[in-house]
Amino acid sequence: MPTPLLQVSNLTATYMEDGQHLTALEDVNLHVDLHEFVCLIGPSGSGKSTLLDIISGLFAEVAGSVEIDGREIPPAERAGSTSYMRQRDLLMPWRTALENAALALEVHGHTKTDARARAQERFAEFGLAGFEDRYPAQLSGGMRQRVAFLRTVLAERDLLLLDEPFGALDALNRSNLQQWLVQMWEREQQSVVMVTHDVDEAVFLADRVIVLSARPGTVIHEERINLPRPRTRAMLTSNTFLAHRAVLLDALGLLDGDVA
Ligand SMILES: Nc1ncnc2c1ncn2[C@@H]1O[C@H](COP(=O)(O)OP(=O)(O)OP(=O)(O)O)[C@@H](O)[C@H]1O
Ligand SMILES: [Mg+2]
């Protein structure tokens with residue numbers, strides 16, 4: 001067995017709330033292989049964002065470990081291997097769209113001019129051409145999300161962590177960006193962990209879908225997706241697609257007849 005890029009073992013996470021410990025994640029075990037695309041689904045409050053916060057080192061576990069490339073990495077050092085788009089986009093209000101998109105490259109040592117030139121090249125692809133000099137407050141929610149997504153992709157880390165990156169987008173933009181993400185991934189072969197609440201999106205994009213239980217979140221199901229690559233929209237109606245979809249809805253307790 002090759003060493004996975006990411007190995008999360010026996011991970012438990014708690015928050016303090018009103019002087020009480022609230023267990024958000026309990027004994028989570030999962031791995032992500034090199035070049036693998038994993039989607040993470042689960043009910044609201046199951047700890048999906050908490051898990052990405054931990055993998056990226058923004059928040060620390062109370063028990064368990066996170067290994068990258070076979071080496072246990074303490075929280076403070078995890079940011080070096082990961083590029084993270086949080087659930088709420090965190091654009092800096094005083095920077096323009098272009099300056100925000102270029103931020104990750106600047107932080108990682110590119111000159112301002114070079115970082116902005118690289119970011120600029122991708123603006124049209126993300127449907128943002130002409131909006132380079134706008135400030136976040138002057139952009140729509142969907143545009144802000146695309147700027148945050150562009151910034152994350154430009155960081156070029158081995159492990160891309162995406163928390164509902166397309167949540168605020170309309171169906172057309174969502175479908176375009178899904179297609180774009182899957183093509184970028186097929187070309188660049190980063191490893192991806194992407195949270196989504198959309199089961200169809202998970203099946204369409206992922207090699208494997210991991211399902212978390214309601215809080216405290218723990219892994220209750222893993223589904224390897226048997227759809228060939230490259231993925232196409234035509235697959236959305238295939239029997240394989242529908243079978244995966246049914247299994248995942250069942251794991252979430254959302255099949256017809258179940259009480260959601
Ligand atoms: N900073 C915090 N302080 C206290 N409790 C928190 C904090 N962040 C999250 N929680 C709690 O931890 C649990 C998991 O939250 P988390 O945001 O990880 O869930 P999620 O699966 O990402 O949900 P959603 O699908 O709604 O985004 C929830 O019960 C939430 O209320
Ligand atoms: Mg979340």
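The values are calculated or read from the model by the stated rules, or taken from the named source; none is laboratory data. Note that the structure is predicted; figures quoted are calculated from it, not measured. Please note: Cβ atoms are built from the backbone with ideal geometry, for glycine as well, and neighbour counts cover all protein chains shown. Ligands, DNA and RNA are excluded from the accessible area calculation, which covers all protein heavy atoms including side chains. Shrake-Rupley method; radii C 1.70, N 1.55, O 1.52, S 1.80 Å.
Looking at segment 153-162, is at least one residue under 22 Å from His31 (Cβ atoms), within 16 Å of ligand 2 (Cβ to nearest atom) and open to solvent by less than 50 Å² (accessible area, probe 1.4 Å)? Yes, segment 153-162 contains at least one residue that is under 22 Å from His31 (Cβ atoms), within 16 Å of ligand 2 (Cβ to nearest atom) and open to solvent by less than 50 Å² (accessible area, probe 1.4 Å). Can you work out which of the residues in segment 10-43 that are farther than 21 Å from Glu72 by Cα and at pLDDT below 95 is farthest from ligand 2 (Cβ to nearest atom)? The selected residue is Gly19. Among the numbered conditions (1) more than 16 Å from ligand 2 (Cβ to nearest atom); (2) part of a helix (DSSP H, G or I), the only one that Gly127 does not meet is (2). Being over 13 Å from the mean Cα position of the chain (by Cα), at negative phi and assigned to a loop (DSSP other than H, G, I, E, B): is that true of Leu255 here? Here the answer is yes, as Leu255 does meet what is asked. Of the residues that make up segment 109-123, is at least one under 22 Å from the mean Cα position of the chain (by Cα), open to solvent by 30 Å² or more (accessible area, probe 1.4 Å), more than 16 Å from ligand 2 (Cβ to nearest atom) and modelled with pLDDT under 90? The answer is no; no qualifying residue exists.
Contact annotation: residue pairs with Cβ atoms under 8 Å, 6 or more positions apart or on different chains, pairing a residue in segment 121-140 that is closer than 17 Å to Phe166 by Cβ with a partner that is open to solvent by less than 60 Å² (accessible area, probe 1.4 Å) and in a loop (DSSP other than H, G, I, E, B), are Leu139/Phe131. Would you confirm, using the coordinates I've provided, whether Leu150 is closer than 24 Å to Glu99 by Cα, within 16 Å of ligand 2 (Cβ to nearest atom) and surrounded by 22 or more Cβ atoms within 10 Å (Cβ to Cβ)? When the stated conditions are applied, Leu150 does not pass them. Applying the condition of being exposed (fewer than 13 other Cβ atoms within 10 Å of the Cβ) and on the phi < 0 side of the Ramachandran plot to segment 63-72 and asking which residue is farthest from ligand 1 (Cβ to nearest atom) yields Arg71. Would you confirm whether or not segment 79-87 contains a residue that is farther than 21 Å from Ile210 by Cβ, more than 15 Å from ligand 1 (Cβ to nearest atom) and either crowded, with 19+ Cβ neighbours inside 10 Å or not charged (D, E, K, R) (or both)? Yes, the conditions are met somewhere in segment 79-87. Note on segment 181-205: residues that are open to solvent by 10 Å² or more (accessible area, probe 1.4 Å), over 25 Å from Gly47 (Cα atoms) and either assigned to a helix (DSSP H, G or I) or among the aromatic types (Phe, Trp, Tyr) (or both) total 5. Of all the listed residues (Ala101, Ala124, Ala129), the sole one being touching a Phe, Trp or Tyr at 6+ places or on another chain (Cβ under 6 Å) and closer than 23 Å to Gln183 by Cα is Ala129. Within segment 165-180, the set of residues being under 24 Å from Ala79 (Cα atoms) and open to solvent by 30 Å² or more (accessible area, probe 1.4 Å) comprises just one member, Gly167. Within segment 28-60, restricting attention to residues that are of a type in the set (D, E, K, R) and surrounded by fewer than 21 Cβ atoms within 10 Å (Cβ to Cβ), which residue is nearest to ligand 1 (Cβ to nearest atom)? Going through the qualifying residues, I end up with Glu36. Regarding segment 213-228, can at least one residue be identified that is touching a strand residue (DSSP E or B) at 6+ places or on another chain (Cβ under 9 Å), of a type outside the set (Asp, Glu), more than 16 Å from ligand 2 (Cβ to nearest atom) and part of a helix (DSSP H, G or I)? There is no residue in segment 213-228 that is touching a strand residue (DSSP E or B) at 6+ places or on another chain (Cβ under 9 Å), of a type outside the set (Asp, Glu), more than 16 Å from ligand 2 (Cβ to nearest atom) and part of a helix (DSSP H, G or I). Quick check: anything in segment 130-141 under 19 Å from the mean Cα position of the chain (by Cα) and over 19 Å from Arg187 (Cβ atoms)? Yes: one or more hits.
Filtered by the rule that a residue be more than 20 Å from Arg174 (Cα to Cα) and either surrounded by 10 or more Cβ atoms within 10 Å (Cβ to Cβ) or at pLDDT below 95 (or both), segment 229-239 gives a lone residue, Ser238.
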